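Enquirer: Just dropping this structure here.
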Amino acid sequence: MGRVNTPVLTDIQRADLERELKTNDSHSFRMRCQAILLKAAGRKSKDVAQIVGMCHVSVNSWLKRFKTDGLAGLQTKPGRGRKPLLDKVADKDAVLAAVKAN
C-alpha cells in the first residue's frame, strides 16, 4: 500500500479552488481543481481518478504541481495542444474576402 498524499488546504486555497471549479471556462482546469479538492477531503488517488476521468498518476502529478505552484500550477502551460491554423490578426482580411466571395 502506498503512502497517503493528502494536501492540507487553507481556507483561502479551498475558496479559490471552489470558485474556479464553478466559474472557470476551461473544463480541464475545473477537473484539476475538483481533483485537488477531493484529495484534500481524504479520498484515495484511484477513487479521485475514477471520479474526474483521469488516471491516478495524473492526479498525483497535478497534486504535486499544486503543492509547488499553487492555483497557477493547475493551468495548462503555454505551447500545449494543437497550434491554430489561422492567425486572427494576419488572416482577418483573407477570411473576410473569402466570406464575401461566397
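The values are calculated or read from the model by the stated rules, or taken from the named source; none is laboratory data. All figures in this text were calculated on a predicted structure; none of them were measured in a lab. Positions of Cβ are backbone-derived with ideal geometry, glycine not excepted, and every protein chain shown enters the neighbour counts. The accessibility values were calculated without ligands, DNA or RNA, using every heavy atom of the protein model including side chains. Shrake-Rupley method; radii C 1.70, N 1.55, O 1.52, S 1.80 Å.
Enquirer: May I ask you to list the trypsin sites (Lys or Arg not before Pro) in the range 39-83 that are in a DSSP loop and have at most 10 other Cβ atoms within 10 Å of their Cβ?
Expert: 80, 82
Enquirer: Find the relative contact order for the chain and round it to a whole percent, using C-alpha pairs within less than 8 Å whose residues are 6+ positions apart.
Expert: 22
Enquirer: Another question, if that's okay. Please state the charge dipole magnitude for the chain, taken about the Cα centre, from unit charges on C-beta atoms (+1 on K and R, -1 on D and E), reported in debye and rounded to the nearest 20.
Expert: Numbers: 20 positive and 10 negative charges, 78 e Å.
That gives the chain a dipole magnitude of about 380 debye.
Enquirer: Okay, next question. Show that you can apply the helix-only estimate: for the chain, add -39,500 (n - 2.57) for every DSSP H stretch of four or more residues, divide by all residues, and state [θ] at 222 nm to the nearest 500. Walk me through the intermediate numbers first.
Expert: Numbers: 5 runs with 59 residues, N = 102.
Result for the chain, helices only: -18000 deg cm²/dmol.
Enquirer: Where only protein heavy atoms count, and the probe is 1.4 Å, what is the accessible area per residue for the chain in Å²?
Expert: On the way: 7640 Å² over 102 residues.
Dividing the accessible area of the chain by its residue count gives 75 Å².
Enquirer: Please report the base-10 log of the normalised intensity I(q)/I(0) for the range 22-102, using a Debye sum with one equal scatterer per alpha carbon and no solvent, at each q in 0.22 (1/Å).
Expert: With one equal scatterer per Cα and no solvent, log10 I(q)/I(0) is -1.01.
Enquirer: Would you please state which residues of the range 38-80 a label at residue 19 would reach in this model, taking the label point 7 Å out along Cα→Cβ and a backbone N cut-off of under 14 Å?
Expert: Label zone hits: 71-72.
Enquirer: Next up: So, in nm, how far is label residue 56 from label residue 83 when the simple model puts each one 7 Å beyond its Cα toward the Cβ?
Expert: 3.9
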